[in-house]
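Quick notes on the structure that follows.
No lab work stands behind these numbers, since they all come straight from the coordinates. None of the values given here were measured: they were computed from a predicted structure.
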Amino acid sequence: GVVEGRQRGRSASGYDGGKFSAVMDTPTHHFHRWVATELIV
């Protein structure tokens, strides 16, 4: 399926982790900021 194909692609030796996209990765960035603030107690 689609998920399995994406996983195979991510496991390939030529895959470098991809590029950061300020538009597409905004939710991830917000989540990481939230986690960081929660860890600072």
Can you list the residues, at least 5 places off or on another chain, whose amide H is less than 5 Å from the amide H of Asp25, using H built in the peptide plane? none
Using only Cα positions of the chain, each an equal point scatterer, no hydration layer, compute I(q)/I(0) via Debye at q = 0.31 Å⁻¹ and quote the log10 values to two decimals. -0.94
Degrees between helix 26-39 axis and first principal axis of the chain (Cα, 0 to 90, nearest 10): 50 degrees
